[in-house]
Amino acid sequence: MPVLCVNVDHVATIRQARLGIEPDPVTAAAMCELAGAAGIIMHLREDRRHVQDRDINLISQTIQTDFHFEMAATEEMQQIALRIKPATVCLVPEKREELTTEGGLNCIGQEKRLIEYLAPLHEQGIGSSFFIDADPDQIKASKAIGAEYVEIHTGHFADAKTRIDQKNELSRIIDGIKLCQDLGLKVNLGHGLNYTNILDFAEVPGICEYSIGHSIMARAIYLGIDRAVRDMLKLIRTFVN
Ligand code: PXP
């Protein structure tokens, strides 16, 4: 059965609106775990716009499930990952002007650099994943780099304005998932997934993990974190393996 990992960046976003101490993503992470999340995800951005170094230090020391560290493939983030030793790093592209991660990582032509970049992390037993679009060439490049996991970007599907565009994006993702599986890559999905659109993946076999933040934290504002995580888990637990 696929598992749910919760991204708690959005809690840090609210805290940073006042540059204060609440709400605390560290507390939110513990509550997500208590509600049944299989892992916690945080993205420490180069500009520190939401998550702070203190957050990843504390979360990596206190959570009892897996910590998945989203990061750009920079020297600084490599050093941080080597220090905090997350279960996995998920390499994402990062642009200062974007609201959130907008597109997948470009792995094509970067194979040698990324193999070298990840080598010290792999030596420390840290797993790796690439956040990529469902593009056959990106999937093949991820395989060539030696990824164990890829996270297929579901944001274009989630943002599609018409049912036809959404269907086209969905079939692109499903073809991408099949290609990953044929190549022996494990597949996670994330970005823009919510309590409605996730149902489109209910019959798709072999998805390892859903990485979800915004929709869970949006529901948590009304119903609380515990209920928001449990509601998502209830859906995912009805999905095929
Ligand atoms: N996966 C990646 C790589 C992301 O950058 C994000 C957004 O922080 C997510 C998943 C979660 O997306 P959302 O907050 O839309 O659920």
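Here, each number is a calculation from the coordinates, and none is a lab measurement. On a predicted model such as this, the values are computed, not experimentally measured, just so you know. Using ideal geometry, Cβ is built from the backbone for each residue, glycine included, and neighbour counts are taken over all protein chains shown.
Some observations on this one:
- Proximal charge balance of GLY190 [Cβ under 10 Å; K/R count +1, D/E count -1]: -3
- Each residue of segment 78-88 was assigned a 3J(HN,Hα) from its phi angle through the Karplus curve 6.51 cos²θ - 1.76 cosθ + 1.60 (θ = phi - 60°); the sequence is 4, 5, 5, 4, 5, 7, 8, 6, x, 5, 9 Hz, with glycine and proline shown as x.
- Expected 222 nm ellipticity per residue - DSSP helices of 4 or more, -39500 (n - 2.57), all of the chain, to 500: -14000 deg cm²/dmol
- Over 25 Å (Cα to Cα) - which of LYS186/LYS234; LYS112/LYS140; LYS161/LYS186 fall in this group: LYS161/LYS186
- Cα centroid of segment 170-241 to Cα centroid of segment 1-69, whole Å: 18
- Computed from backbone phi, the HN-Hα couplings of segment 177-194 come to 4, 5, 4, 4, 5, 4, 8, x, 8, 7, 10, 10, 10, x, 3, x, 6, 9 Hz, rounded to whole numbers (Karplus: 6.51 cos²θ - 1.76 cosθ + 1.60, θ = phi - 60°; Gly and Pro given as x).
- J(HN,Hα) series, segment 156-162, from Karplus relation 6.51 cos²θ - 1.76 cosθ + 1.60, nearest Hz, glycine and proline x: 5, 5, 5, 8, 4, 8, 10
- For VAL204, distant residues with modelled amide H under 5 Å away: VAL240
- Amide H within-cut-off set for GLY127, under 5 Å, with H built and near neighbours excluded: THR88, VAL89
- Over segment 107-241: Kirkwood hydrodynamic radius from C-alpha pairwise inverse distances, Å: 15.9
- Amide H contacts under 5 Å for ALA73: VAL92, restricted to partners 5 or more places along the chain or on a different chain, H placed in the peptide plane at 1.01 Å from N.
- In segment 129-236, Cα pairs under 8 Å separated by at least six residues give a relative contact order of 23 percent.
- The loop-placed GluC sites (Glu not before Pro) in segment 1-110, going by DSSP, that have at most 13 neighbouring Cβ atoms within 10 Å of their Cβ come out as GLU46, GLU97, GLU98.
- Computed over the chain, the quotient of the alpha carbon radius of gyration and 2.2 N^0.38 Å is 0.95.
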